[in-house]
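The values are calculated or read from the model by the stated rules, or taken from the named source; none is laboratory data. Note that the structure is a prediction, hence the values are computed from the model and not measured. Note that we place each Cβ from the backbone using ideal geometry, even for glycine, and neighbour counts take in every protein chain shown.
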Amino acid sequence: MNISSDEPIEYPIDGTLDLHQFRPKDVPDVVRDYIAECLKREIFSLRIVHGKGIGVQREIVRSILDKHPAVTGYRHEGGSGGGWGATVVDLSPKK
């Protein structure tokens, strides 16, 4: 099967967003859209997997989270769940 990269792909909305499968230039829109969809589905705790690397992807994600009105907090994921390679996000329902 040959799929064009411009065709939309259905992504599961379950509270975990793995950014490894997205192009870096798409990450800001993907994160914003994923947060919006989670809010619609009343998912208020997210896990965003950005990878460890040198931290560029992590900083892009966190700059979006810093500005998003529904984000009440975020932190490194602790334990064996990814550590520095993932960020846990707390959302508040829109009022």
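Looking only at segment 24-44, which residues are of a type in the set (Lys, Arg) and farther than 17 Å from Pro69 by Cβ?
Hits for segment 24-44 are Lys25, Arg41.
Quickly run through segment 59-79 and pick out the residues that are β-branched (Val, Ile, Thr) and either in contact with a His (Cβ under 7 Å, 6 or more places away or on another chain) or modelled with pLDDT of 95 or more (or both).
Val61, Ile64, Val71, Thr72 - these are the residues of segment 59-79 that are β-branched (Val, Ile, Thr) and either in contact with a His (Cβ under 7 Å, 6 or more places away or on another chain) or modelled with pLDDT of 95 or more (or both).
So Val89 clears everything in (1) at pLDDT 95 or above; (2) in a helix (DSSP H, G or I); (3) surrounded by 11 or more Cβ atoms within 10 Å (Cβ to Cβ) except one condition, right? Which one?
Condition not satisfied by Val89: (2).
Looking only at segment 44-76, which residues are more than 17 Å from Asp26 (Cβ to Cβ), touching a Leu at 6+ places or on another chain (Cβ under 8 Å) and part of a loop (DSSP other than H, G, I, E, B)?
If the condition is that a residue be more than 17 Å from Asp26 (Cβ to Cβ), touching a Leu at 6+ places or on another chain (Cβ under 8 Å) and part of a loop (DSSP other than H, G, I, E, B), then Phe44, Ala70 are the ones that fit.
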